[in-house]
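Q: Got a structure for you, questions after.
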Amino acid sequence: MAGQDPATQEPATQEPARDRSEGQGRQAFDKTQSAPRSGSIGLVLLVALALVGAAAGLIYVGRAYAETYMMALLAALGTVGVFALFAMASGIMRLTSKEHGNPLLKAVVDNAFDGILVTDQSGRVFYANATYLDLIGAADNNDVRPIEQVFIGDPDVSESIYRLLKAAREGRRLQEEVRIASATAESARWLRLRVRPLGTAKRDARMTVWSIADVTRERERQENVFQELQHAIDYLDHAPAGFFSVDAAGSIVYLNATLAAWLDHDLAQVGAGSLKLTDIVAGEGAALLTTLNAAPGEVKTEVLDLDLKTRGGKPVPVRLFHKVAFGADGAAGVSRTLVLNRARDDGTDPQRAAEVRFMRFFQNTPMAIATVDKQGRIARSNARFASAFEGMLNEGRSILTVVAERDRPALESAIRKAAEGQGDIAPVESALAGSHERWASFFVSAVEEEDRDGEAAIVYALETTAQRTLENRVYQQQKMESVGQLAGGIAHDFNNVLSAIMMATDFLLNAHKPTDPSFQDIIQIKQNANRAAALVRQLLAFSRKQTLRPQVLDLGETLSDLGMMLKRLIGEKVTLEVVHGRDLWPVKVDISQFEQVIVNLAVNARDAMPDGGKLLVRTANVAANECAKFAYKGMPSADYVLVEVTDSGTGIPADIIDKIFEPFFSTKDVGKGTGLGLSTVYGIVKQTGGFVYADSKPGNTVFRIFLPRHVPGAEEALALLSPADAPAIAGTMLAAETMAKAATDLTGHGIILLVEDEEGLRALNARGLASRGYTVLEASNGVEAIEVLEKHGSVDLVVSDVVMPEMDGPTLLKELRRRDPTVKIIFVSGYAEEAFSKNLADQERYAFLAKPFTLKQLVAVVKTALAE
């Protein structure tokens, strides 16, 4: 290599693989063997003779000098021993043994095919075998150099040498392959360099073992194989047929250039896993390729006609030869799929065009189609079938496994009839197997005759899950509406009865003194009547026929005011936490009814946590674009204020959670609940225009109430008051609570026309009004009321029921307005005001009193109406 010193050029000119027989005369370089310290018997005899002579010298030394002689001798021996110890410690002297080295292992290393070099951390060479000396071209033992000096100055190798030296200093193992250019016309060589510490002991860790091997021929074989592979890929890429490979997850792992050109894909942009099978297969055809079943170890090949699609979405009709090998565990391996383009037709083959048309009809129909044998095993199917029932077929590919076990006999019977040639087989409605509730209709027809593939019947499957869900929802809605209508009718009749009872108890209380023995019994009757009236209000709430007095509220303030009462209701065992959302939008609701909703939910949560727990009430704004994340059916996208009531109780079982809003449905023990708590919540929220949903699992039950955001107009400025000012916003409606605050003097005078179809209630009301000084005219319906007016002339006030035979209250009001535009009227009804107000003219003035009512409430409303 140009610019390289002679020392580095020499190894580059060696033969790629030197015959080891040429270097057998060369000896390995071993610095550890340069100063052998083998034992000597002569030296031992000499030392022994000296000791004997020293002992014999005692004979000739007199007694006077013997002690001195002995001390001198011992001092000499001690000095020799100390110097010997120092010499051994410093390595000048060594104790040798017969097991100093293993000549067999040394011979193996000396004559190894790989060059071996041992150096210390400073780079001094301690050992190099003959192969290493040959590879670096060393002239003799004095020319032995470490690795870094052999390849110094070669820029192509220096980086690898640096990494190897760094690994040697850190005591790590590392391997590099380097290319050594030749200074002559000979081809370059490839050397594999390895480095590792000599051992794990402290002394051995300071020594580094290098190995160097000539891998030129190995790299040449690899390059040849790579070149052959490149040629094979080039042949496959430009073959006149398409080819792709897909793994079990549906990722394209290979796509040849021909198929990429057909589908208008850029191969440079098709990376590993970046292209999916669904990106190149039209419709649901991908399911046919990824749902193959086979026995472990089997190799399966399917011939499929379907459409691929270009990057722009244009279909390309093809025939696939799809080959998949299955492993020992039954898992599908990577496919080998040959693609024949069937779109290139010059019009001379009408059969080909017909086959393409039929293929598109068969594979793209929204109905799942499969042919089966007499036992129900699937012979072939379309893409929709593979997609709809993916993962539901067993190894035998029986269509019966996609059906719930209880419905399999019906489908099996239909297939048997088709195999026998019968026609007009009734459809089979069946639940599908699996953890999710799914339904399908199966239509079975016979083939003309059993073919060689054993096909005995054609099965058409149409999933009906969405249809059944919609039917169930409509049925549930109709049932709830029917129950609501029934509850509303019952509540109206009960209100008439309760009005009479409450009016009668008022008369009795007025006629008896508190000291009367029967006074407490009358009080008990009145209290029970009030309890019954509360139950009737709950029925009306469920039927959404109660009277609401909506006002614009800030739910945060309302819940804060309600917090103290909730804590008393739920008790000390349950922890209450209220989390207010920021900048809540206003809502328009009846404050008392909304409080009833929260109280009912809190009481239910308390009963679900007998051992204590946590009750969380949270509010938040939900924008229209956030509604989709809740995935609740029936709730349109709009702006809502969300109220979440969460408890850590026992939860609601999944089989009854759809029934919890039905009236009189309760999971509590007999006598511990009316079953109207949640139905009342449902009715109030629905009548307000909102939605309520429940989600539950053990330890976590969440009720979510969505109240529509209120955007006030200029005419609603007076409605933007705090909850404390709510009683002032009554308009023309006079609430019974407001009437209770009227003046204590409830007597008056005037002519009142009382219209009520319930004779007993009419008599009691007339008696009560007459007892307060009013003149009362009675009528049982609107027609009779007109006759009374014509007979007696004008009246000061009309008190009329709403629902009456022949002529109802709103019709009576229209007739009265035609005769006297200034007439005053009070409507009394067991239904909600909204039930009849829509039949009245806009800005119509009237007062309303909801049944049941007391005598005091009636005369208060009458006196206030007359005073206006």
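Q: Within the range 306-346, track down each residue that is part of a strand (DSSP E or B), in contact with a helix residue (DSSP H, G or I) (Cβ under 7 Å, 6 or more places away or on another chain) and surrounded by fewer than 19 Cβ atoms within 10 Å (Cβ to Cβ).
A: Listed by number, the list holds a single entry, 341.
For (1) modelled with pLDDT of 80 or more; (2) open to solvent by 40 Å² or more (accessible area, probe 1.4 Å); (3) not in a loop (DSSP other than H, G, I, E, B), each residue gets a yes or a no:
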| site | (1), (2), (3) |
| --- | --- |
| 506 | yes, no, yes |
| 514 | yes, yes, no |
| 517 | yes, yes, no |
| 522 | yes, no, yes |
| 526 | yes, yes, yes |
| 529 | yes, no, yes |
| 536 | no, no, yes |
| 540 | no, no, yes |
| 546 | no, no, no |
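Q: Does residue 410 satisfy the criteria of being out of contact with any Cys (no Cβ under 7 Å at 6 or more places or on another chain) and open to solvent by less than 20 Å² (accessible area, probe 1.4 Å)?
A: It is false that residue 410 is out of contact with any Cys (no Cβ under 7 Å at 6 or more places or on another chain) and open to solvent by less than 20 Å² (accessible area, probe 1.4 Å).
Q: Now for a separate question. Please state which of the following conditions residue 303 fails to meet, knowing it meets all the rest: (1) in contact (Cβ under 8 Å) with a residue 24 or more places away in the chain; (2) surrounded by fewer than 13 Cβ atoms within 10 Å (Cβ to Cβ).
A: (1)
Q: Inside the range 182-295, counting only helices (runs of 4 or more DSSP H) that do not spill past its ends, which hold 2 or more residues that are closer than 29 Å to residue 361 by Cβ and hydrophobic (A, V, I, L, M, F, W, C)?
A: 257-262, 286-290
Q: From the list 45, 73, exactly one residue is surrounded by 11 or more Cβ atoms within 10 Å (Cβ to Cβ), modelled with pLDDT of 75 or more and assigned to a helix (DSSP H, G or I). Which is it?
A: 73
Q: Kindly provide the set of residues from the range 201-225 that are open to solvent by less than 60 Å² (accessible area, probe 1.4 Å), among the acidic types (Asp, Glu) and at pLDDT 85 or above, ordered by number.
A: Within the range 201-225, just 214 meets the criteria.
Q: Sticking with this structure for a sec: Across the range 576-598, which residue is surrounded by the most Cβ atoms within 10 Å (Cβ to Cβ) among those that are outside any loop (DSSP other than H, G, I, E, B) and within 30 Å of the chain's Cα centre (by Cα)?
A: Checked the range 576-598; the qualifying residue surrounded by the most Cβ atoms within 10 Å (Cβ to Cβ) is 576.
Residues checked against (1) at pLDDT 85 or above; (2) open to solvent by 60 Å² or more (accessible area, probe 1.4 Å):
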residue: 348; (1), (2): no, yes
residue: 361; (1), (2): no, yes
residue: 396; (1), (2): no, no
residue: 419; (1), (2): yes, no
residue: 440; (1), (2): yes, no
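Q: What's the number of the condition residue 89 fails, among (1) more than 60 Å from the chain's Cα centre (by Cα); (2) at pLDDT 80 or above; (3) open to solvent by 80 Å² or more (accessible area, probe 1.4 Å)?
A: (2)
Yes or no, residue by residue, for (1) exposed (fewer than 11 other Cβ atoms within 10 Å of the Cβ); (2) β-branched (Val, Ile, Thr); (3) touching a Gly at 6+ places or on another chain (Cβ under 8 Å):
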{"site": "236", "(1), (2), (3)": "no, no, no"}
{"site": "239", "(1), (2), (3)": "no, no, no"}
{"site": "253", "(1), (2), (3)": "no, yes, yes"}
{"site": "256", "(1), (2), (3)": "no, no, yes"}
{"site": "262", "(1), (2), (3)": "no, no, yes"}
{"site": "265", "(1), (2), (3)": "no, no, no"}
{"site": "283", "(1), (2), (3)": "no, no, no"}
{"site": "297", "(1), (2), (3)": "no, no, yes"}
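Q: So, in the range 363-394, how many residues would count as being open to solvent by 70 Å² or more (accessible area, probe 1.4 Å) and on the phi > 0 side of the Ramachandran plot?
A: Of the residues in that region, 1 qualify.
Q: I'd like to check something: does the range 809-828 contain any residue that is assigned to a loop (DSSP other than H, G, I, E, B) and in contact with a Gly (Cβ under 8 Å, 6 or more places away or on another chain)?
A: no
Q: I've got another one for you. Within the bounds of the range 163-181, is there any residue that is on the phi < 0 side of the Ramachandran plot, open to solvent by 40 Å² or more (accessible area, probe 1.4 Å), at pLDDT below 90 and over 55 Å from the mean Cα position of the chain (by Cα)?
A: no
Q: Would you check if residue 606 is under 19 Å from residue 708 (Cβ atoms), modelled with pLDDT of 80 or more and either open to solvent by less than 30 Å² (accessible area, probe 1.4 Å) or among the charged types (D, E, K, R) (or both)?
A: no
Q: Sticking with this one: For residues in the range 120-132 being closer than 13 Å to residue 30 by Cβ and not hydroxyl-bearing (Ser, Thr, Tyr), which is farthest from the chain's Cα centre (by Cα)?
A: 130
Q: How many residues does the range 765-779 contain that are more than 20 Å from residue 504 (Cβ to Cβ), open to solvent by 20 Å² or more (accessible area, probe 1.4 Å) and either of a type in the set (Gly, Ala, Ser) or out of contact with any helix residue (DSSP H, G or I) (no Cβ under 8 Å at 6 or more places or on another chain) (or both)?
A: Counting residues in the range 765-779 that are more than 20 Å from residue 504 (Cβ to Cβ), open to solvent by 20 Å² or more (accessible area, probe 1.4 Å) and either of a type in the set (Gly, Ala, Ser) or out of contact with any helix residue (DSSP H, G or I) (no Cβ under 8 Å at 6 or more places or on another chain) (or both) gives 2.
Q: Now, a different point. Tell me, which residue of the range 827-844 that is among the charged types (D, E, K, R) and under 22 Å from residue 494 (Cα atoms) is modelled with the highest pLDDT?
A: 833
Q: Let me ask another. Checking the conditions here, which among 117, 135, 198, 104 is closer than 19 Å to residue 30 by Cβ, open to solvent by 50 Å² or more (accessible area, probe 1.4 Å) and touching a helix residue (DSSP H, G or I) at 6+ places or on another chain (Cβ under 7 Å)?
A: Unique residue meeting the criteria: 198.
The values are calculated or read from the model by the stated rules, or taken from the named source; none is laboratory data. Here the structure is a predicted model, which means the values were calculated and not measured. Glycine also receives a Cβ, built like all others from the backbone with ideal geometry; neighbour counts cover every protein chain displayed. Remember, those area values only see protein heavy atoms, side chains included, never the ligands or the DNA or RNA. Shrake-Rupley method; radii C 1.70, N 1.55, O 1.52, S 1.80 Å.
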